[in-house]
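J.: Have a look at the structure that comes next, please.
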Amino acid sequence: MSIKAENIKYIYSEGTPFRTVALDNISIEVKEGDFLGIIGHTGSGKSTLIQLFNGLEKPTEGKIIVDEITVGEDKKLLSKVRQTVGLVFQYPEYQLFEETVAKDVAFGPMNLKLPQDEIDKRVRESLELVGFNFNKIKDASPFDLSGGQKRRVAIAGVLAMKPNYLVLDEPTAGLDPAGRNDLFEKIKTLHKKANVTVILVSHSMEDIAKLVNRVIVLYKGKIHMEGTPKE
Ligand code: ATP
Ligand code: MG
C-alpha cells in the first residue's frame with residue numbers, strides 16, 4: 001500500500017495571464033509506515049502537492065495512485081480516497097464549523113454512515129489520541145480554542161475517519177516552541193500508536209528534522225532533493 005505520484009504537473013489558471021506551473025514533473029512514492037517530511041520555500045508547491053494526494057484537486061498531467069486506486073478515474077471511489085488520506089489544512093479553522101468539538105470530530109464518521117455507538121467511540125478515541133481529556137473538551141466551542149487546540153481538534157476529526165495516511169500542512173504555524181514540541185510529541189505517538197503513515201509539510205528543515213525519517217525538498221514546483229534528514 002502506498003501513495004504514488006507519477007509525473008505530476010499542476011497548473012493554476014491555465015489559459016489566463018495568471019497561469020502558474022505549481023508542480024512540474026513530480027514523481028514520488030510514500031510507503032506505509034513512512035514518516036515523510038515535505039519542505040520548501042513559500043510557493044514551492046507543498047500545499048498543492050498534498051491536495052492532490054487526497055483527491056481535493058486533480059493533476060493537470062500525471063497520475064496519483066492511492067492504495068491501488070487511481071484518483072479521479074472512478075468518481076465513486078473519491079470518498080474512499082478522501083477517507084484513506086486524511087488531510088489537515090494549513091488553516092485548520094476551515095475544517096471546524098460545528099458548535100461543539102465533539103460534533104466537529106463526529107462529522108466525518110457520520111458521513112461514512114457508521115452506527116452511532118461506533119461514531120461515539122471514534123470521537124472519544126480520536127480526541128484522546130491528540131491529548132485531550134474527552135469529558136472536558138467535548139462540549140467546548142471550537143471557535144473558543146487556541147490555535148494549537150484547534151489544530152488538534154482538526155487532527156482528531158481526520159483520525160476519526162481511520163485514515164491510512166495523515167497529512168499535516170504546516171501544523172506548527174502560529175505555535176510557540178512549547179506548543180510546537182507538544183504537538184510533535186503527539187504526532188510521534190500517533191505514528192506509533194495509531195499506526196498511521198505521516199506526511200508532514202513544513203517550510204523549514206530545522207522544524208521537522210528530528211521527527212521524520214525521509215525528506216523531500218521542493219523548489220519552484222520541482223523535487224530539488226530527497227533523502228534522510230541527515231543527508
Ligand atoms: P506556502 O509555504 O506559502 O504555504 P506552498 O509551498 O504550500 O507555499 P502552494 O500553495 O502549493 O505553495 O503554491 C504553489 C504555487 O501555486 C505558488 O506559485 C502559488 O502562487 C500558486 N497558487 C497556489 N494556490 C493558487 C490558486 N488558488 N490560484 C492560483 N495560483 C495558486
Ligand atoms: Mg502551503
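J.: From the Cα trace of region 1-115, what convex hull volume per residue do you get, rounded to a whole Å³? Don't skip to the end; give the middle numbers.
T.: Numbers: hull volume 17.0 nm³, N = 115.
About 148 Å³ per residue, rounded to a whole number.
J.: Dividing the alpha-carbon radius of gyration of the chain by 2.2 N^0.38 Å (N being the number of residues), what value is obtained? Working shown, then result.
T.: On the way: Rg = 17.4 Å, N = 231, 2.2 N^0.38 = 17.4 Å.
It is 1.00.
J.: So who's got an amide H within less than 5 Å of the one on residue 218, skipping anything under 5 residues away but keeping other chains? H placed 1.01 Å off N, in plane.
T.: Sorted by chain and number, the residues that satisfy this are 39, 40, 224.
J.: In the chain, with Lys and Arg counted as +1 and Asp and Glu as -1 at Cβ, which of these residues, 174, 110, 96, has the Cα nearest the positive end of the dipole, that is, farthest along it?
T.: 110
J.: Follow-up. Which value in deg cm²/dmol, rounded to the nearest 500, describes the helix-derived mean residue ellipticity at 222 nm for the chain, given -39,500 (n - 2.57) per DSSP H run of n ≥ 4 and division by the residue count? Intermediate values should be presented prior to the final figure.
T.: On the way: 8 runs with 78 residues, N = 231.
Here the helix-only value at 222 nm equals -10000 deg cm²/dmol.
J.: Also, quick follow-up: Let me check the size of region 109-230 from its C-alpha atoms; what are the radius of gyration and Dmax in Å?
T.: Values for region 109-230 (Cα only, Rg and Dmax): 15.8, 47 Å.
J.: OK, next. For labels at residue 100 and residue 31 in the simple 7 Å Cα→Cβ model, what's the distance in nm?
T.: For residue 100 paired with residue 31, the spin-label model returns 4.4 nm.
J.: Run the numbers on region 2-227 and let me know its relative contact order in percent, using alpha-carbon pairs under 8 Å that are six or more apart. If you can, show how the numbers build up before the last one.
T.: Details: 434 pairs, mean separation 65.8, N = 226.
Taking the mean separation of contacting Cα pairs over the length of region 2-227, I get 29 percent.
J.: Once the principal axes of the Cα atoms of region 51-187 are found, what is the range along each, listed largest first in whole angstroms?
T.: Over region 51-187, Cα extents along the principal axes are 44, 37, 23 Å.
J.: Could I ask something else about it? Beyond 22 Å between alpha-carbons counts as too far, so tell me which of 75/222; 162/222; 63/192; 4/80; 103/192 fall in that bin. Write out the running numbers ahead of the final one.
T.: Numbers: 75/222 28 Å; 162/222 31 Å; 63/192 30 Å; 4/80 16 Å; 103/192 26 Å.
Violating the 22 Å Cα-Cα cut-off are 75/222; 162/222; 63/192; 103/192.
J.: Can I ask one more? Convex hull over the alpha-carbon atoms of region 1-45: what's its volume per residue in Å³? Numbers along the way, then the final one.
T.: Numbers: hull volume 3.4 nm³, N = 45.
Once divided by residue count, the hull of region 1-45 is 77 Å³.
The numbers here are math on the coordinates, done by the rules we state, and not lab data. Note that the coordinates shown come from a computational prediction; the quantities given were computed from them, not determined experimentally. As a convention, Cβ positions derive from the backbone with ideal geometry for all residues, glycine included, and neighbour counts pool all protein chains shown.
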